[in-house]
Amino acid sequence: MPDTKKNEKKYNLILDALQQLLEDRNIQSISVSEIAQKAGIGKGSIYYYFPSKEAILDALIERSYEQPLTTAKNLAAQTEISPFTRMAMLFQACQNSSAAFITQNSSSSDNTSAQDLAFLHQKYLTHVVSELKPALTDIIRQGIDSGEIHFEYPAALAEIVLIVIAVKLDNSLIPSTPAQTADTLQGLISLLEKGTGVAPGTLSYLSLMPYKPT
């Protein structure tokens, strides 16, 4: 029977090693051998846990920003709460997770190229959207079943909304002024309310969500 605690320790040692190397190194210049050396384990052990360097990076991003996403998904599962309230919880999770990304990477930004930061950010946004999409889809389906929401494609709607919310409120990949962000959110609110048949003003809370001007 495998030693689970030992395996978890090595798994995290590998992630810690890559995180430390990223503080002052370019992603492309870091090799699997260097990660292994930094972690104090053999190179062959790396491939027991991860098939590639990119897989290590994906796991690092997942570990770094999982807590706010897990919290949001747990809250979203509370079906006694209004679907619109649970949507707000998920959207706030995008903000919390984005704040974690910005905080964690600000200390190393002087040593990390803009290209690397953009690459990391793209992976982060992909992770956020993919992780929250099933929960938001379930919330929309529940709203449809209860007659509060009228829409035929809940999964597609969840993905579209999350992409707009994650990218626009994050305000890093497509920098916008506060006025431009407000206009986009107001347009999204109008489209969602008309497209889902909910009463005007139901999703107005979206316009009040915080965003970070650059």
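The values are calculated or read from the model by the stated rules, or taken from the named source; none is laboratory data. Values in this document were obtained by computation on a predicted structure and should not be read as measured data. Here the Cβ positions follow ideal geometry from the backbone for every residue, glycine too, while neighbour counts run over all protein chains shown. Ligands, DNA and RNA are excluded from the accessible area calculation, which covers all protein heavy atoms including side chains. Shrake-Rupley method; radii C 1.70, N 1.55, O 1.52, S 1.80 Å.
Can you tell me which condition S172 does not meet? The list is (1) modelled with pLDDT of 90 or more; (2) touching a His at 6+ places or on another chain (Cβ under 7 Å), and all the others hold.
(1)
Residue-by-condition table, conditions (1) open to solvent by 70 Å² or more (accessible area, probe 1.4 Å); (2) of a type in the set (F, W, Y); (3) part of a helix (DSSP H, G or I); (4) more than 15 Å from M87 (Cβ to Cβ):
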{"position": "H121", "(1), (2), (3), (4)": "no, no, yes, yes"}
{"position": "L136", "(1), (2), (3), (4)": "no, no, yes, no"}
{"position": "H150", "(1), (2), (3), (4)": "yes, no, no, yes"}
{"position": "L162", "(1), (2), (3), (4)": "no, no, yes, no"}
{"position": "V167", "(1), (2), (3), (4)": "no, no, yes, yes"}
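Do the conditions hold for Q142, that is, is it polar (S, T, N, Q), modelled with pLDDT of 85 or more and open to solvent by 30 Å² or more (accessible area, probe 1.4 Å)?
It is true that Q142 is polar (S, T, N, Q), modelled with pLDDT of 85 or more and open to solvent by 30 Å² or more (accessible area, probe 1.4 Å).
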